[in-house]
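What follows is calculated from the coordinates using simple rules that are stated; it is not laboratory data. Only a predicted model underlies this, so the values are computations on that prediction, with no experimental measurement involved. Cβ: placed from backbone, ideal geometry, glycine included. Neighbour counts: every protein chain shown.
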Amino acid sequence: MGRQLFKSTVLVSSMTLISRILGFIRDMLIARLFGVDVATDAFFVAFKIPNFFRRLFAEGAFAHAFVPIIADYKEQGVKVVIQAFIDRAAGTLAVCLLVLTVLGVLSTPIIIFLIAPGFALQGVQFELASILLRICLPYLFFIGLVAFAGGLLNAYGKFVVPALTPALLNICMIIAAIWWAPLMSQPVTALAWGVFAAGVVQLLFQVPALLSVGLLPRFKWGGSDPEVKKMLRQVLPAIFSVSVTQINLLLDTLIASFLTVGSVSWLYYSDRLVEFPVGMLGLALGTVILPRLAKSFAEKSSGAFANTLDWGLRLVFLLGMPATIGLVVLAEPMVSTLFQYKEFSLQDVHNSAMSLRAYAAGLLGYIAIRVLVSGFTSRHDLQTPVRYGLWSMGVSLLLNVVLVFPLAHAGLALATSLGAMVNAILLLFKLRQEKIYRPTPGWGWFFARVILASSFMFVALYYWVDVNWWQDWQSTERVIQLLKWILIGLVIYSATLLLSGLRWRHLADDYRI
């Protein structure tokens with residue numbers, strides 16, 4: 001079964017890679033066509049809300065409330081009962097999302113003031129952000145239903161469609177930036193309409209897959225159904241438990257709105273780079289192991305449950321370490337290669353790279369949280385992750401106040417990273433304390449090998465790469481050089497692991513799960 005988990009993780013990672021590449025193309029276009037100014041800051045603030053809910057719902061958080069319930073129903077083996085629950089849950093969720101969306105559209109100035117109060121001091125920027133948010137907000141309704149469909153498909157082992165769906169948002173925004181923006185008096189408004197269109201497209205994309213498994217919901221009101229009530233009660237805690245980092249990123253935006261113009265955009269672009277490994281590894285692992293953990297818990301198989309967690313944590317460490325090193329050492333070349341065109345200046349590159357390094361410091365924490373929270377939510381324990389999430393948020397808020405003065409926007413990013421590490425450590429300690437997770441033998445040698453390989457990779461990149469080479473090359477040459485150094489780093493890392501005795505089959509075959 002370990003081999004199947006590994007294949008599923010690779011499959012979801014591949015689909016996520018497509019989405020992330022399209023996301024970078026999208027952001028490169030935005031940087032090239034719109035630059036960094038008052039309008040882009042306004043859009044990125046407005047986009048924070050729909051993008052925040054996309055990350056909450058469509059990137060697996062919603063599934064933490066939904067998949068364990070489906071696993072219990074599947075254990076009972078009555079498909080008619082499952083279909084009835086799905087119909088009532090879908091109808092009730094749709095009504096709740098519609099009410100929330102309407103209230104949001106009517107309250108856009110208040111929302112902008114809450115997430116970016118500094119904009120209130122700049123009337124034009126505040127008004128533009130409110131208009132853009134009003135266009136974007138209906139995306140909330142569509143993405144909530146998309147997440148519901150994705151969770152249902154994941155519960156039945158259908159990972160491809162939900163993993164590929166986020167790419168449609170990037171495609172719609174790319175179309176908007178290229179073809180719609182030149183037609184509008186305020187070009188940045190086209191990006192907001194692209195977000196709106198993406199919601200409709202993403203929802204329709206789920207329909208064939210749901211039909212193929214015979215579980216297309218027939219929307220019915222189920223507000224009095226006990227299981228629907230249970231699901232709705234669990235949605236907010238489940239979302240919060242895996243999305244504390246996203247909430248902290250919103251708080252970063254709030255504080256950054258008081259800083260120099262461009263701060264919001266610098267944080268956005270650096271976060272986009274960190275989200276690449278988080279999505280490819282953290283999202284993939286969380287998506288794949290949650291149904292397996294829920295199934296093991298329903299079957300009362302504690303050994304398979306612990307082995308699944310152990311397998312996930314080993315992958316977090318094995319793949320998260322080289323990703324962290326690459327983001328830290330190659331920060332400026334990455335930002336320059338992807339975003340430095342026309343309006344995106346050299347100073348923008350340096351400022352974005354500062355916050356990129358700060359966000360990268362917490363990469364292992366961001367990824368591990370996806371795995372560790374699954375160890376609780378799959379057992380219907382949502383209180384523990386919420387409690388530790390609140391503690392880590394408190395740490396981040398305190399550090400925001402302390403670090404924003406000496407480090408400006410980079411201090412906000414570093415505070416978020418440290419909060420994520422605290423959250424991951426608390427979750428891991430609790431799982432160990434309650435003997436839910438028992439590390440399998442060999443962790444000491446595994447840890448030593450990864451640290452050794454990481455050290456060689458860091459030394460090679462840090463001392464061999466000319467930190468200013470990217471300033472002397474044209475855009476195409478920058479891409480080639482960056483890919484060369486990424487490849488060199490990965491070869492050194494992989495070769496060291498192989499020479500030290502680690503084999504990939506150890507992760508695919510050694511777990512009876």
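Farthest toward the dipole's positive end in the chain, which of Ala94, Asn307, Val201, given Cβ charges of +1 (Lys, Arg) and -1 (Asp, Glu) about the Cα centre? Farthest towards the positive end: Asn307.
Quick one: how many lysine pairs does the chain have with C-alpha atoms less than 16 Å apart and a gap of 8 or more or different chains? Give me the count, please. The result is 7.
Per residue, the chain reaches -26000 deg cm²/dmol at 222 nm when only DSSP H runs of four or more residues are counted, each adding -39500 (n - 2.57). For region 401-409, putting each phi into the Karplus relation 6.51 cos²θ - 1.76 cosθ + 1.60 with θ = phi - 60° gives couplings of 5, 6, 8, 5, 6, x, 10, 6, 5 Hz, in residue order, rounded to whole numbers and with x for Gly and Pro. Coupling constants for region 446-455 follow from the phi torsions by the Karplus curve (6.51 cos²θ - 1.76 cosθ + 1.60, θ = phi - 60°), and in residue order they are 4, 4, 4, 5, 5, 4, 4, 5, 5, 5 Hz; glycine and proline get x. Spherically averaged projected area of the convex hull of Cα atoms, the chain: 22.7 nm². Of the residues Leu482, Thr324, Gly262, the one whose Cα sits farthest towards the positive end of the charge dipole of the chain is Thr324 (charges of +1 on Lys and Arg Cβ, -1 on Asp and Glu Cβ, taken about the Cα centre).
For region 192-206, backbone phi angles converted through the Karplus equation (6.51, -1.76, 1.60; θ = phi - 60°) give residue-by-residue couplings of 5, 5, x, 5, 4, 4, 4, x, 5, 5, 5, 5, 5, 5, 7 Hz, Gly and Pro being listed as x. Here the chain is assigned +1 on the Cβ of each Lys and Arg and -1 on the Cβ of each Asp and Glu. Its dipole about the Cα centre then comes out at about 1600 debye.
Ordering Leu254, Leu398, Leu273 by the number of other Cβ atoms within 10 Å of each residue's own Cβ, fewest first, gives Leu398, Leu254, Leu273.
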